[in-house]
1. Across the range 61-92, which residue is modelled with the lowest pLDDT among those that are in a helix (DSSP H, G or I) and within 21 Å of SER116 (Cα to Cα)?
2. Cβ-Cβ under 6 Å, sequence separation 6+ or interchain: first residue in the range 54-65 and aliphatic (A, V, I, L, M), partner open to solvent by less than 60 Å² (accessible area, probe 1.4 Å) and assigned to a helix (DSSP H, G or I). Which pairs?
3. Suppose we filter the range 1-60 for residues that are assigned to a helix (DSSP H, G or I), open to solvent by 50 Å² or more (accessible area, probe 1.4 Å) and not aromatic (Phe, Trp, Tyr); how many remain?
4. Going residue by residue through the range 93-106, is there one that turns out to be out of contact with any helix residue (DSSP H, G or I) (no Cβ under 9 Å at 6 or more places or on another chain), within 19 Å of HIS10 (Cβ to Cβ) and modelled with pLDDT under 80?
5. I'd like to know if the range 35-50 contains one or more residues that are modelled with pLDDT under 90 and among the aliphatic types (A, V, I, L, M).
Amino acid sequence: MLSTFQFADHVVGIIVNSDVTEEVIRSINDRIEEKLENHQKINLFIAIKSGQEITFNAFLKDISFKSKHLHDFSKLAIVTDLDWFKTYTKFKDLVMDGEIKSFGTKERIEAINWISQ
């Protein structure tokens, strides 16, 4: 299940409260594409609750989508305590134009402040 919120016009905010499946990734990507219709570049905030799994197919779908939109993000904030996902975020930082930072769940307010600038 996804919860979305908006705190700045150029920011997509998403909280994932379930396992990350292809359907969840598709829903996230739809929201990103909607925002890109009105903005050349956006900021993306994603919080993944602890204990959630990410399927391999969802992981591949995410990589595929982000590779098509490498230049469309100014900032990407990932809030999670999943260590392997933080490592994945470091990989994205090598290939995407925008700034990417990962934050622990206790640093959520810091992430919101950073992404909304």
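The values are calculated or read from the model by the stated rules, or taken from the named source; none is laboratory data. From a predicted model like this one, the values you see are computed outputs, not experimental measurements. All Cβ positions, even for glycine, are placed from backbone atoms using ideal geometry, and neighbour counts span all protein chains on display. Areas reflect the complete protein model, heavy atoms only, side chains present, ligands, DNA and RNA absent. Shrake-Rupley method; radii C 1.70, N 1.55, O 1.52, S 1.80 Å.
1. LYS92
2. Short answer, once both residue conditions are applied: ALA58/ILE25.
3. So the answer is 9.
4. Taking every residue of the range 93-106 in turn, at least one turns out to be out of contact with any helix residue (DSSP H, G or I) (no Cβ under 9 Å at 6 or more places or on another chain), within 19 Å of HIS10 (Cβ to Cβ) and modelled with pLDDT under 80.
5. Yes; the residues of the range 35-50 include at least one that is modelled with pLDDT under 90 and among the aliphatic types (A, V, I, L, M).
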